[in-house]
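The values are calculated or read from the model by the stated rules, or taken from the named source; none is laboratory data. Here the structure is a predicted model, which is why all the values come from computation and not from measurement. As a convention, Cβ positions derive from the backbone with ideal geometry for all residues, glycine included, and neighbour counts pool all protein chains shown. To get the accessible areas, we keep the full protein, side chains included, count just its heavy atoms, and leave off ligands, DNA and RNA. Shrake-Rupley method; radii C 1.70, N 1.55, O 1.52, S 1.80 Å.
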Amino acid sequence: MNMTKLTLVVPTYNLSHYFDDTLATIAAQTEAFELWLIDDHSTDGTAEKAVQFANGIPMFHVEQFTAHQGVSAARNFGITHASGDAVAFVDGDDRLHPDYVKTLAQGFQADTPAVAVGYRWWSQPLDQRDHYEQISQRAMFQQASRHGSEVGGYIWNKAYSLPALRQQQLLFDESLTIAEDYLFTATFVANNPGIYRYDPAVRYTKVNRPGSTIHSRSLAERRVENQVFDQIYRLGEYL
């Protein structure tokens, strides 16, 4: 039986009432996990909710930044402090299926660098049967390096082998405010051969929150995004 232990890393920053629903879906998970709630200097009570939620649960941890550092810094803190076999990144305003942790954790085998699950956002998988599909490194890179693919380059529907992350010394680029998730996933896949696994059953629901980065891209950020994807495409030339 697979005994992969998953660490959930959840950055938080002024999430208002959205955080309550996220915490409820974290609490409803059907498999045990380690949790890092990393508050990026919220001023609206989000940090206090995180502390209250984790209180008294040994595997649940809260870190409160004393200055606003950005989501990538929060995720990097989670990577460096995680103690699981694999790490998954959840946005603090989204919702998890009760089997999110279970599906990700049970997908890992000896040759698995990362596991992905189906998600609901602008679209959802056409075939949502609960089963693991095997994906080669090259095919996974193609999925992770372009917009509109089913598996996607997003980080929140995936779990990454923590030993692989640490061997590669891979962290998020804290200078980026856009497309940092695609760069992280594509860099990981480009450097980790093996059999990736994907369960198309919807285990993650993305919530469209007004004011989130996806809704407020500037022209300068779009230029940066194009530069990031140029960098990603160069990574794929070596596969």
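Structural remarks
- Evaluation of I57 against the conditions (1) free of Cβ contacts under 8 Å to residues at least 40 places away in the same chain; (2) in a loop (DSSP other than H, G, I, E, B); (3) out of contact with any strand residue (DSSP E or B) (no Cβ under 9 Å at 6 or more places or on another chain) shows that the sole unmet condition is (3).
Okay, residues lined up against (1) closer than 14 Å to N76 by Cβ; (2) not charged (D, E, K, R):
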{"position": "Q134", "(1), (2)": "no, yes"}
{"position": "A144", "(1), (2)": "no, yes"}
{"position": "N157", "(1), (2)": "no, yes"}
{"position": "R166", "(1), (2)": "yes, no"}
{"position": "F172", "(1), (2)": "yes, yes"}
{"position": "A186", "(1), (2)": "no, yes"}
{"position": "P200", "(1), (2)": "no, yes"}
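- Candidates A139, A116, A164, filtered to the one that is open to solvent by less than 10 Å² (accessible area, probe 1.4 Å) and either of a type in the set (A, V, I, L, M) or not in a loop (DSSP other than H, G, I, E, B) (or both): A116
- Test: residue in region 93-102 that is closer than 14 Å to G194 by Cβ and touching a helix residue (DSSP H, G or I) at 6+ places or on another chain (Cβ under 6 Å): no
- Of the residues making up region 14-41, those that are within 19 Å of T80 (Cβ to Cβ) and in a loop (DSSP other than H, G, I, E, B) are F33, D40, H41.
- Restricting region 52-96 to residues that are open to solvent by 70 Å² or more (accessible area, probe 1.4 Å) and among the charged types (D, E, K, R), the residue that is farthest from the chain's Cα centre (by Cα): D85
- Test: residue in region 113-130 that is at pLDDT 95 or above, over 15 Å from the mean Cα position of the chain (by Cα) and within 24 Å of S72 (Cβ to Cβ): no
- Test: residue in region 34-42 that is among the aromatic types (F, W, Y), at pLDDT 95 or above, surrounded by 19 or more Cβ atoms within 10 Å (Cβ to Cβ) and under 17 Å from W156 (Cβ atoms): yes
- Check on N157, closer than 24 Å to Y132 by Cβ and open to solvent by less than 20 Å² (accessible area, probe 1.4 Å): yes
Residue-wise test of (1) at pLDDT 90 or above; (2) surrounded by 15 or more Cβ atoms within 10 Å (Cβ to Cβ); (3) out of contact with any strand residue (DSSP E or B) (no Cβ under 9 Å at 6 or more places or on another chain).
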{"position": "E180", "(1), (2), (3)": "yes, yes, yes"}
{"position": "T187", "(1), (2), (3)": "yes, yes, yes"}
{"position": "G194", "(1), (2), (3)": "yes, yes, no"}
{"position": "T213", "(1), (2), (3)": "no, no, yes"}
{"position": "R223", "(1), (2), (3)": "yes, no, yes"}
{"position": "N226", "(1), (2), (3)": "yes, no, yes"}
{"position": "D230", "(1), (2), (3)": "yes, no, yes"}
{"position": "Y233", "(1), (2), (3)": "yes, no, yes"}
{"position": "E237", "(1), (2), (3)": "no, no, yes"}
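Let's see how each residue does on (1) more than 16 Å from the chain's Cα centre (by Cα); (2) of a type in the set (S, T, N, Q); (3) under 30 Å from N14 (Cα atoms):
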site: H147; (1), (2), (3): yes, no, yes
site: P163; (1), (2), (3): yes, no, no
site: D173; (1), (2), (3): no, no, yes
site: P193; (1), (2), (3): yes, no, no
site: D230; (1), (2), (3): yes, no, no
site: Y233; (1), (2), (3): yes, no, no
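- Within region 196-211, if we keep just the residues that are modelled with pLDDT of 95 or more and among the aliphatic types (A, V, I, L, M), the residue that is farthest from the chain's Cα centre (by Cα) turns out to be A201.
- Residue within region 2-13 that is of a type in the set (K, R), within 20 Å of the chain's Cα centre (by Cα), modelled with pLDDT of 95 or more and open to solvent by 50 Å² or more (accessible area, probe 1.4 Å) present: yes
- S123 passes every criterion in (1) part of a loop (DSSP other than H, G, I, E, B); (2) among the small types (G, A, S); (3) under 20 Å from F53 (Cα atoms) apart from (3).
- Contact map, region 9-22: first residue free of Cβ contacts under 8 Å to residues at least 60 places away in the same chain, second residue open to solvent by 50 Å² or more (accessible area, probe 1.4 Å) and not in a loop (DSSP other than H, G, I, E, B), Cβ cut-off under 9 Å, separation 6 or more or different chains; pairs are D20/K49.
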